[in-house]
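Below you'll find the structure, written out as structure tokens, and then a few comments.
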Amino acid sequence: MKKLFYYTLLLITVVATTSCSDSFFNINDDPNNPVVVGNEFVLTSGLAGSAYVAGGYYEAIGGFWSQHYAQSTGASQWATWEEFSIDEGDFDRQFTSLYAGALMDLQVVRDRSLASSDWSYYLTSTLMQSYDFAMLADFYDQIPFSEALVGVKKITPKYDDGKNVCDSLIARIDVALAKNLSASTVSTIGKSDIIFEGDMDKWTRFGNTLKLKLYLRYVNVDANKYKSQIQALLTANKFLNVSATMTAFKDEENNRNPFYETFMDRLNGNVAASKTLVDVLKNNNDARLNAIYIAPLDKNKIPLPQVGIGQGRYKADQAIYATIANLSTPNVTGLSPVYFFTLPEVDFLIAEAQFRYGTAATAKTFYEKGIEDSYKLYKATSQPALYAAGAAYEYKGLESIITQKWIAAANCNAAESFFDFNRTGFPSNFTVSAVSSIGTRYPQRLLFPDSERKANPNTPARKSIDVKVWWAK
Amino acid sequence: MFFEISIYERSIFNFKYKFMSMKKISLLLAFLVFIGLQVVLAQTRDISGTVTSADDGTSIPGASVVVKGTTLGTITNMDGKFTLKVPPTAKVLVVTFVGMTSSEVAITGLNNYEVVLKAKTVSVDEVIVTAMGIKRSEKSLGYSAAKVSNEDINSTGNSSMMNSLQGKIAGVNVSSASGAPGASSRVVLRGVSSLGGSNQPLYVIDGVPINNSMAGSSTAINGGLDFGNRANDINPEDIQEMTVLKGGSGSALYGSRAANGVIIITTKKGAASRKGNAKIEFSHSTTMENPLRLPDFQNEFGQGWYDGTLAANLEENGSWGAKFDGKNRIWGHEVDNQQKYKPYVALKDNVRDFFETGLTNNTTASVSNGTERSTFFLSYGNVNADGIMPGNSDSYKRNTISLRGSSKFGEKINVSGSINYIRKDSRFVPTGQEQSVMDAIWQTPRDISIVDQKDYKDKFNNVDNYYTVFAQNPYYVLNEHGNKFRDNRIYGNISVDYTILPWMTATYRVGTDVSNATLKSWRAITLSNRASYNDEVGRVSESSYSTTEITSDFLLNMTKKINDFNFGLVLGQSVNQRESRNQAAEVIGLSLPGFYDLSNSASTPTVLGYISKRRLVGAYATVDLSWKQMLFANFSGRNDWSSTLAAKNRSFFYPSASVSFLFSELLKDKMKDIISYGKIRLGISQTGNDAGVYLVNSIYPQTVLSDGYRNLNFPLAGPINGFSLGNRLGNDNLKSELTSEKEIGADVRFFQNRLGVDFSYYDRTTTDLIWNVTLPSSTGYTSQTMNLGKVTNKGIELMVTVVPVKTKDLQWKLSWNFAKNNNLLVELTPGLDQIDLGAGTSTVGFVARPGMPIGLFEGLVAQTTPDGKVVVNSSGLPVSSPERQILGAAQYKYTMGGNSSITWKGLTFLASVDVRQGGLMYSRTAEMMYFTGNGSQTAYNDRQPFIIPNSVQNVGTSTAPVYVENTVPIAGGDGNMNLFYNQTYSAGKFGKLSLLDRSFVKLRELSLSYHLPKSLLAKTPISSADISVIGRNLFLWTPKSNTFVDPESTTFGDERGLGADYGEYGATPTTRSLGFSLRLTL
């Protein structure tokens, strides 16, 4: 009997120890998700993630705050945008989506391609990441940058001043542009580059255009800091000659243009045409009116005249327009591209640089090319008469450039118009929102996000929506 | 007898009874004194007498009456009478009966003797099923183990095993998610100690753990589905008894899965009927349900939002319109040049009228038989419930079949096993927003009838012309959208006991729990001609969920008695594997209307597959020592190996020890009649707890981009796929949580168990909490699952039982339990001052902070000046302070339960009350009541303009404020009054408005049953019959501030872990049920 007891004990020990061997327990590698993924899939994710935010919420708030759009009557989803009373929770998701999504994915590609000297991946990832960082710095002024994107190595990244971010980005872009793209280790990217399909010449042009945009952030603070670099860029004139877009959308729910998906479809009835832009286009008989907006329909589905609502008048005009059915709406579809740069935007950027640092004649040339390119982009009939001498859009320097840039940004890259307005004070026809909570002032920035406030003690103290960013006029 | 007098004199709880007893005893005393004076000498003579019970005075048949020191004796007849020839030398009679204390009676000259036997203290040898199915004497336990009997569970025919525990045991909190049939329940023992896990106890049936997971998308804020958690699948009628092990000392042997306590379920086993035939039992209950609590509505103002034109207001989904005037007014849309009109008056019951009476039928039949050597038990149970929503869109059908048996092979081997099959068919009305029934109900203006829109195809009520464009006709949603959930589940076990030696038994037990569930849900194509916010392109999704759990246990049980010492040793090994698999496909945008199949779409389906698998191995030993059945000690240790932890931290060990001292054994007989039972227990234990699966490595999931409303899913057009570095950073240092607990308690019963007090104090500390910590996204990640911080739970539990009345015909039992738990998040990893608990809305967050209890509500508050004045804007509305603030905590301050049972002859009246005090909850219903102006609170001041008392305006800037007294009233007419109550704007009353006091008192159960007298059944085959009138959740009392919901509602079930404490997000109102039940035994 004693024997039996010992045998049993032995059995337990054997079972216990053998079953605890490593192979028995090594089942904790997630079978549902890969642990190693090639650059091509991560780059796509970074590019699409950038487009998703730039062409979604940032396009929307840009559209409201640069008076392309206004809150419709009969609804109130974006009322706080019109009141300029956003809080820290607003746009938090976009901030998070960029940092933990696109920026981090692009960082993964940057780190890997730097290690393997794979310069095409290095260039694309660096440029798109720089574009995103620049956009964030324009909205928030101070952003996590030099200590960002390193995981637990720094769980509370500090916030860098926008100006330092701008300088660092310019330096980074220069480094990336200087790499030898014909070296033997350089991959051909192809389809996974959803913007230029791996065309490195277009990426180089993207880099130059982005640099010019960043240089022009200095016009109010240190206008001559990059003067020679600007002039060199203008001389080389290797800027984007096509729009930089993402078009890989399908007309199916959750596969469409992000602005259309959320703002036109899911939360329909809210985004109406702004009276500010509608009136400009109407008064000038601008053919782009019917390209930018969809007119309301009557009972027989016949289009009525285009009509916009004043900023913040969604309550006051309730009796005039009961719902959005009585107002014009943005002409954006599920397949509309997301624009990082439109060709007209590039033209106006060059025009502004020429106006400030080059020749007035070239500025005028690019100004008129901008208008032409804008008509093409909207597929509207060209009307050169509009910028003829004495006509409504006759070239009169910076105000003309920025005002036309503003019109050309509608439904495309409205955030840039919002930045331009605060940087240059143009266009000059903006109206004060009827429900403004900051009086006659205009918003200058977004509020530091709630999630950062909660988890990162280095988040700067709250700054009101009307506090200017570093480059503002 | 004399002791008894002293007992009753000290009895403080029933004067009436004391009086009766005194009278009886005095008479008896006088009688005894009288006979003591008689001295009669005689030869062998006949003496006779009657043996009766002290408890109820009934005669005791079959009692043994023996002359002390001889074999002379007899037993009492059916009337409790005896006669016996005794020799002259006989001095003393010994009278004994099973279950009664034996009595010695001096033989005197008398010929007739009245012998009264007292019942033995019944519970002294109560056997409790403890960890791993080991049966132990209750007195030997050094920890709190609460037992719940079959009767306690089934007294009111509750089809939910978990809900039947409500209010019955101190320190056990059970909350039902909603009033939907088959909704999930959440059980928390002794407070929450884990941040990440569900905090739910482990359920063990006949020694084998079962799966308590949920199927469905209970985590979704919108379109949430709740098909119940799986512990509720068990038919309560199959349960013989349940033991709740709240503390670590009791549950440590179950290993890391028992860190939140264990509920041990022992099922009914086969037994023969009284006549030796197979025993057949039948029970049935039918209950009807209606909403327990609906919000208090205002009945003064009708449809409207802004004070604009009437036409604009006629589309509105709220009651911010004009005051009721009783005049006829048009309403709704103009259709075909027609428009309806009705008197402009409040319809007080428009919401209540919407709901139908729910009906639940719950039937179980079982047959069983048994001999010394083998038993079997077979039961069939059926629950058929249709909830309070109109039609059959909320229903729950459950069929359960159980077969259990045991058999002995030779003298040494005993084999037992069980197999259970469960089939569940449910339909559930989704919670939250979007195509939501409850949202449409709460939004309905006070003057609009909901039931009148039942014909949703009518031209005025259809999708195009439903009066508001902001919601969908609820009847349309109920009838055109839908879901079907079906679950097939089998669980069971086989156990073999081999008696190796008389003192050594080996047990091998293997159990499995397999379920396969499918869910199909659909939404009809819903496109409105008007600018509708509810347009829906139609969608179909099909999901399947399968889970498999296998547990194998080997135990060697040894016991040895040496003199006054008993030794016990258990050695054991346990292997557990849990697997789950989920596949889902969805198409959005349907081609053909009314046809719900994945093929019915031109769009690309989204598909999802998820597998998870984990293993846990444990080896353990436990040693029991006892001395003279008075002093008991237990030491145990367990080592676990878990697959979910980092390889280097895979193995973890935790010991426990407990002592129980039965001090009443030392008492003299005299004292023993006062203190019939007294035990002190002491326990100290540790329990480890492993992590979730797949948290050690970083991953690259397929990219999904979302803004909270819609997504950009991959693959993109092209087609182009993408993978994104996961937002959760892997952690290769992940180790187990460790809970250490000290427990001290006493169980003392007085006056022959007429009064019992059971008290426990525990102090539990959990360190290395596993939690998916939010990282600032600027790190490139949003979270990492890590070990952080420390939580303590300290509390007391008190259970008092009293039997104030116990006579032959009348018995009254009362019990009262009280529990208070102080929960504290003591510390977090340095650098973290707050963690987000993953629930919460944009207006009210749910977080944990060190130095405070877990589960804090956080939201915006009104900005105030340094001297406390409210800052308002130019419209007179309060503006929000820049920072969110803690608005309160979710946890109860204390909980209580009271149970009363009165039996008079065949009638039994049961009542149970559940009391919970303190804590806050979020209520979407309350938020909606303010938002829509339907809540009674919104009629404040007759909606006349008023100035916020003590308010100021800032005429300076935000950085250099200059405050002046505010003279701007909140305007009634222009809509600002609704801004004041509407927290979606950052002005007004803010998040706190939707937080309610969680306190309540609920009349949980009420039943009146009649046990039919045997005489009535004599000529029938029925040996026992009970009929009852039953009620559950009949009344609810809440603090005045909560005029909205039953605070027990928790939309998020248990899958969200702590999120369940957040509150309700448009849950179906909980119900009150009333019905009858019938119980027959053949």
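The values are calculated or read from the model by the stated rules, or taken from the named source; none is laboratory data. Bear in mind the structure is a predicted one, so any value in this text is a computation, not a measurement. Neighbour counts run over all protein chains shown; Cβ positions are idealised from the backbone, glycine included.
If only residues of region B:954-1005 that are part of a loop (DSSP other than H, G, I, E, B), more than 14 Å from chain A (Cβ to nearest Cβ) and modelled with pLDDT under 85 are counted, the one that is farthest from the chain's Cα centre (by Cα) is B:G972.
Picking from residues in region A:7-62 that are of a type in the set (G, A, S) and surrounded by fewer than 21 Cβ atoms within 10 Å (Cβ to Cβ), the one that is modelled with the lowest pLDDT is A:S19. Considering region B:506-545, the residues that are within 11 Å of chain A (Cβ to nearest Cβ) and among the polar types (S, T, N, Q) include one that is farthest from B:S402 (Cα to Cα), namely B:N529. Checked against the criterion of being over 30 Å from A:W471 (Cα atoms), within 14 Å of another protein chain (Cβ to nearest Cβ) and hydrophobic (A, V, I, L, M, F, W, C), region A:109-132 has at least one qualifying residue. Total residues in region A:45-92 satisfying the condition of being aliphatic (A, V, I, L, M) and in contact with a Pro (Cβ under 7 Å, 6 or more places away or on another chain): the figure is 0.
The set of residues from region B:1007-1022 being farther than 21 Å from B:G157 by Cβ and either of a type outside the set (S, T, Y) or crowded, with 17+ Cβ neighbours inside 10 Å (or both) comprises B:P1013, B:K1014, B:L1016, B:L1017, B:A1018, B:K1019, B:P1021. Selection of first residues in region A:29-57 that are in contact (Cβ under 8 Å) with a residue 12 or more places away in the chain and at the interface with chain B (Cβ under 7 Å from one of its Cβ atoms) and of second residues that are among the acidic types (D, E) and in a helix (DSSP H, G or I), restricted to Cβ pairs under 9 Å at least 6 apart or on distinct chains, gives the following pairs, ordered by first then second residue: A:V42/A:D105; A:T44/A:D105; A:S45/A:D105; A:G49/A:D105; A:G49/A:D132; A:G56/A:E261. Only one of the numbered conditions (1) modelled with pLDDT of 95 or more; (2) within 14 Å of chain B (Cβ to nearest Cβ); (3) under 30 Å from A:V432 (Cβ atoms); (4) surrounded by fewer than 23 Cβ atoms within 10 Å (Cβ to Cβ) is not met by A:L304, and that is (2).
The residue pairs whose first member lies in region A:283-300 and is closer than 13 Å to A:S382 by Cα and crowded, with 20+ Cβ neighbours inside 10 Å, whose second member is at pLDDT 95 or above and of a type in the set (V, I, T), and whose beta carbons are closer than 8 Å, counting only pairs six or more residues apart or on different chains, are A:D286/A:V280; A:D286/A:I407; A:R288/A:I407; A:L289/A:V278.
The rows are residues; the columns are (1) facing chain B (nearest Cβ under 8 Å); (2) touching a residue at least 12 places away in the same chain (Cβ under 8 Å).
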{"position": "A:A70", "(1), (2)": "no, yes"}
{"position": "A:G74", "(1), (2)": "yes, yes"}
{"position": "A:T80", "(1), (2)": "yes, no"}
{"position": "A:G89", "(1), (2)": "yes, yes"}
{"position": "A:S97", "(1), (2)": "yes, yes"}
{"position": "A:L106", "(1), (2)": "no, yes"}
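Residues that are in contact (Cβ under 8 Å) with a residue 60 or more places away in the chain, crowded, with 16+ Cβ neighbours inside 10 Å and of a type in the set (A, V, I, L, M, F, W, C) are absent from region B:541-554 altogether.
Yes or no: region B:902-918 includes at least one residue that is modelled with pLDDT under 90 and away from chain A (no Cβ under 14 Å). Within region B:902-918 (the criterion being modelled with pLDDT under 90 and away from chain A (no Cβ under 14 Å)), the answer is yes, since at least one residue qualifies.
Yes or no, residue by residue, for (1) within 9 Å of another protein chain (Cβ to nearest Cβ); (2) in contact with a helix residue (DSSP H, G or I) (Cβ under 9 Å, 6 or more places away or on another chain):
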{"residue": "B:A584", "(1), (2)": "no, no"}
{"residue": "B:G589", "(1), (2)": "yes, no"}
{"residue": "B:F595", "(1), (2)": "no, no"}
{"residue": "B:L598", "(1), (2)": "no, no"}
{"residue": "B:Y610", "(1), (2)": "yes, no"}
{"residue": "B:M630", "(1), (2)": "no, yes"}
{"residue": "B:F635", "(1), (2)": "no, no"}
{"residue": "B:S643", "(1), (2)": "yes, yes"}
{"residue": "B:Y654", "(1), (2)": "no, yes"}
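Quick check on region B:866-880: of everything there that is among the small types (G, A, S) and more than 10 Å from chain A (Cβ to nearest Cβ), which residue is farthest from the chain's Cα centre (by Cα)? That would be B:G876. Taken over region A:435-468, the criterion of being among the small types (G, A, S), more than 24 Å from A:P157 (Cβ to Cβ) and more than 7 Å from chain B (Cβ to nearest Cβ) is satisfied by A:S436, A:G439.
In this entry, A:G370 passes the filter for residues that are in contact (Cβ under 8 Å) with a residue 24 or more places away in the chain and either surrounded by fewer than 24 Cβ atoms within 10 Å (Cβ to Cβ) or under 27 Å from the mean Cα position of the chain (by Cα) (or both). Scan region A:419-429 residue by residue and report those that are buried (at least 18 other Cβ atoms within 10 Å of the Cβ) and out of contact with any Pro (no Cβ under 8 Å at 6 or more places or on another chain). Across region A:419-429, the qualifying residues are A:F419, A:D420, A:N422, A:R423, A:T424, A:F426, A:P427.
For every residue, the table says whether it meets (1) modelled with pLDDT of 80 or more; (2) over 25 Å from the mean Cα position of the chain (by Cα); (3) of a type outside the set (A, V, I, L, M, F, W, C).
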residue	(1), (2), (3)
B:L837	yes, no, no
B:T843	no, yes, yes
B:A848	yes, no, no
B:F857	yes, no, no
B:V861	yes, yes, no
B:T864	yes, yes, yes
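The single condition among (1) part of a loop (DSSP other than H, G, I, E, B); (2) surrounded by fewer than 19 Cβ atoms within 10 Å (Cβ to Cβ) that B:I401 does not meet is (1).
Only one of the listed residues (A:T247, A:T209) is surrounded by 22 or more Cβ atoms within 10 Å (Cβ to Cβ) and among the β-branched types (V, I, T). That residue is A:T209.
Candidates A:K202, A:K179, A:K191: the one that is modelled with pLDDT under 95 and among the charged types (D, E, K, R) is A:K191. Is there a residue in region B:167-185 that is under 23 Å from B:A819 (Cα atoms) and either aromatic (F, W, Y) or assigned to a helix (DSSP H, G or I) (or both)? Taking every residue of region B:167-185 in turn, none turns out to be under 23 Å from B:A819 (Cα atoms) and either aromatic (F, W, Y) or assigned to a helix (DSSP H, G or I) (or both).
Do the conditions hold for B:L705, that is, is it aliphatic (A, V, I, L, M), free of Cβ contacts under 8 Å to residues at least 12 places away in the same chain and at the interface with another protein chain (Cβ under 8 Å from one of its Cβ atoms)? In short, yes.
Does A:K364 fit the bill of being part of a helix (DSSP H, G or I), modelled with pLDDT of 95 or more, surrounded by fewer than 24 Cβ atoms within 10 Å (Cβ to Cβ) and in contact with a helix residue (DSSP H, G or I) (Cβ under 6 Å, 6 or more places away or on another chain)? Here the answer is no, as A:K364 does not meet what is asked. Every condition in (1) surrounded by 22 or more Cβ atoms within 10 Å (Cβ to Cβ); (2) among the small types (G, A, S); (3) out of contact with any Lys or Arg (no Cβ under 8 Å at 6 or more places or on another chain); (4) away from chain B (no Cβ under 11 Å) is met by A:G269 except one, and the failing one is (4).
Cβ-Cβ contacts under 9 Å between residues 6 or more apart (or on different chains), taken from a first residue in region A:170-199 that is in a loop (DSSP other than H, G, I, E, B) to a second residue that is aliphatic (A, V, I, L, M) and surrounded by fewer than 16 Cβ atoms within 10 Å (Cβ to Cβ), are listed as A:F196/A:V242.
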